[in-house]
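The values are calculated or read from the model by the stated rules, or taken from the named source; none is laboratory data. Remember, predicted model here, so these are calculated numbers, not experimental data. Counting neighbours? That spans all protein chains shown, and the Cβs are built from the backbone with ideal geometry, glycine included.
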Protein chains: 2
Amino acid sequence: MTLILSNDDVASVLTITDCMDVLEDAYRDLHAGTAVTRRRSDSLTLTEREDAIYGFKTMDGVIPNQGVAAVRLNSDIVTWPRVDGNLRRVKVPAAPNDRWVGLVLLFSTVNGEPLAIMPDGVVQRTRVGATNGLGVKYMARENAKSIGILGSGWQAVTQLQAACAVRDIEEIKVFSPNQGNRVAFAQEMNDLLDCEVAPVGSVEHCVTDVDIVMCASNSIEAIFFERWIRTGLHVSSIKMPEIEEPALRKADRVGLNYGQRQPDTVRGAGVNPPDRRTGTGWAVHEKFDFESCPKLPEMIAGEAIGRTNDDEITCFVNDMGLGLQFAAAAGVAYRKAKEKGLGNELPTDWFTEDVHP
Amino acid sequence: MTLILSNDDVASVLTITDCMDVLEDAYRDLHAGTAVTRRRSDSLTLTEREDAIYGFKTMDGVIPNQGVAAVRLNSDIVTWPRVDGNLRRVKVPAAPNDRWVGLVLLFSTVNGEPLAIMPDGVVQRTRVGATNGLGVKYMARENAKSIGILGSGWQAVTQLQAACAVRDIEEIKVFSPNQGNRVAFAQEMNDLLDCEVAPVGSVEHCVTDVDIVMCASNSIEAIFFERWIRTGLHVSSIKMPEIEEPALRKADRVGLNYGQRQPDTVRGAGVNPPDRRTGTGWAVHEKFDFESCPKLPEMIAGEAIGRTNDDEITCFVNDMGLGLQFAAAAGVAYRKAKEKGLGNELPTDWFTEDVHP
């Protein structure tokens, strides 16, 4: 049977520590060459709405030691509104019932069969959190005790869970431009995490007197600036533009997830998104030398160093998602969901065939 | 609702003429730049079977004028046996119930929603047939009346249907090394097509005194040779290696489907398939100048010429599949299946989400 899982199913089984464990293994395999990941591709065209474009995004990964392959795909109607002064890339929930469209399809590398189909949302935020958590594990001070987080949205939850899983965090400050959001989020995190979480009214207050700053915004412009850099700080971001280039330059070391220069973009006639240079990929920071940055697979394999002493300033830039991450995270979600009898089972024959394709 | 279609559903609605019509439109859009197609990628790793590799293949296409985007994927266990002296690339039906795994997922470019999921088999052979049919339409003599076809397998059916849809074919000869196969196939085609179809006992007999030769084999070595080239002949192939390089050189003009040099291949450690240089991509014919060959989108748009007179020798090499072709063909299959009430409907909410991915 092929398992159809919902985001709720995935959320009920996929813990951040599971995800970090399976990602570490996958990164070791990637470094060793036994696992592979195919660069994300974006196919962009016009759509009926004149203020939007249609984007079809896919990425693949194969991890034979975990027995899984996956494609993650997004079928998006994308707009670029300006919110609170910052340019944002906003996907419109245009599908029936005001929903978004993102999927992970999971396959077996042993016999090729389709194991599961699931939405990508929970997998996505868990793998983003786990990745930045690995950034904290390999790059932040061992004795880091406090975090300031910029952002209180969907991604911020797993960022904090992951950081707390690898460091003994006692205190967290939350800033978001919207007071209601930051208060509600701080309350939610207080209940979820074993430490003090408090909303703060200014971004300067949030980034002061903390060991780690985590950017977890939807902004495609800088939200963390050079003037906030201090001895021993670790700054983490989930989107390339969040940390401004002068701040990256001031760091002793900038770590990357995997180091992909840019997505493989196929752009139709008339498609000119405003974030062509400011959204994804190294070109966001035109003059920064990402090529020589240590990458997570190298740090995990012990072939690159994330931090040498408590005084160093480190940044971690979660530069681009990998199909490999979705294979690993969806794989563990599938195995645990199957054990628990979650999801809707469909005949595997619906997704296979008796003719040689 | 999202429609789950079977190969039988697709076969019952997707005609070769539908497919050729929709492909011509898609190629015009591709040439104009409004439609896009993302190069096929192959992610290859080891698998448990020592004589096989695991291959995860994906390709995407978006055609906003037809309202569709698609990814076509294959999750394959691949082996390389030698059959009748020729090296073949054989996908093992290793999934439950001895089945293969290939899918097309179709999405709307208007609102992003998942429209349909279907196996790729019937779509694949229909789009391959339609593509070579367009090769015949734009490159074979207008007065071509006879075909010799090499191969009697799954792909051969649509090759003949497509050629007969664009030329007034009266006589077809079929050769395949296996007598039972060629006799059964000739009988089947006699019933299906409005012309005489006869099996022949030698490949030389098959390629002699015909206006068109169609290669429709599973071979990854040459099966059509220079010595068989004659004035006015059109030779068509579904796999890059089928027509040997000296034969291509002897042609006045060689047309390509779209002209992709090679797939975007990510190869894991230890993966050394024997067809590394002989399977797919231009490297099969090391010295041939594919770059300057006319491509179907150019011929359809009237910006390249396929044939100038009845004496020219032309070849058409269906060099690599396109995500665009799957979007077009699956799109028309979906629309017709929906009209007829075919397939299994699943809630679209199963494949969409209420969180921003």
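Things worth noting here:
- The sole residue among A:ASP8, A:ASP76 that is at pLDDT 95 or above, not hydrophobic (A, V, I, L, M, F, W, C) and not in a helix (DSSP H, G or I) is A:ASP76.
- Residue match in segment B:104-118 (condition: without any contact (Cβ under 8 Å) to a residue 60 or more places away in the chain, assigned to a strand (DSSP E or B), facing another protein chain (nearest Cβ under 7 Å) and over 26 Å from A:TRP100 (Cβ atoms)): no
- Matching option when the condition is surrounded by fewer than 24 Cβ atoms within 10 Å (Cβ to Cβ) and at pLDDT 95 or above, among A:ARG39, A:ARG28: A:ARG28
- Members of segment B:42-78 that are facing chain A (nearest Cβ under 9 Å), farther than 21 Å from A:GLU353 by Cβ and in contact (Cβ under 8 Å) with a residue 40 or more places away in the chain: B:LEU44, B:THR45, B:LEU46, B:VAL62, B:ILE63, B:PRO64, B:GLY67, B:ALA69
For every residue, the table says whether it meets (1) over 26 Å from B:ARG40 (Cα atoms); (2) surrounded by 21 or more Cβ atoms within 10 Å (Cβ to Cβ).
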| residue | (1), (2) |
| --- | --- |
| B:ARG227 | yes, no |
| B:ALA247 | yes, yes |
| B:VAL254 | no, yes |
| B:PRO263 | no, no |
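- Residue ID - nearest to A:ILE16 (Cα to Cα), chosen from residues in segment A:154-198 that are at pLDDT 95 or above and of a type in the set (Phe, Trp, Tyr): A:PHE185
- Residues satisfying the stated conditions in segment B:79-103, i.e. in a strand (DSSP E or B) and either facing chain A (nearest Cβ under 7 Å) or surrounded by 24 or more Cβ atoms within 10 Å (Cβ to Cβ) (or both): B:LYS91, B:ALA95, B:ARG99, B:TRP100, B:GLY102, B:LEU103
- Residue check, B:VAL123 under 15 Å from the mean Cα position of the chain (by Cα) and away from chain A (no Cβ under 14 Å): no
- Pairing residues of segment A:300-323 that are in contact (Cβ under 8 Å) with a residue 24 or more places away in the chain with residues that are among the polar types (S, T, N, Q) and not in a loop (DSSP other than H, G, I, E, B), at Cβ distances under 6 Å and at least 6 apart in sequence or on separate chains, gives A:ARG307/A:THR314; A:PHE316/A:SER236; A:VAL317/A:SER237; A:ASN318/A:THR131; A:ASN318/A:ASN132; A:LEU322/A:THR37; A:GLY323/A:THR37.
- Which numbered condition A:LEU3 fails, given (1) touching a residue at least 40 places away in the same chain (Cβ under 8 Å); (2) facing chain B (nearest Cβ under 9 Å): (2)
- Those residues of segment A:129-151 which are crowded, with 24+ Cβ neighbours inside 10 Å and out of contact with any Phe, Trp or Tyr (no Cβ under 9 Å at 6 or more places or on another chain), in sequence order: A:GLY129, A:ALA130, A:GLY133, A:ILE147
- Residue match in segment B:7-16 (condition: within 23 Å of B:PRO119 (Cα to Cα), crowded, with 22+ Cβ neighbours inside 10 Å and either over 18 Å from the mean Cα position of the chain (by Cα) or within 7 Å of another protein chain (Cβ to nearest Cβ) (or both)): yes
- Residue match in segment B:154-166 (condition: part of a loop (DSSP other than H, G, I, E, B) and facing chain A (nearest Cβ under 8 Å)): yes
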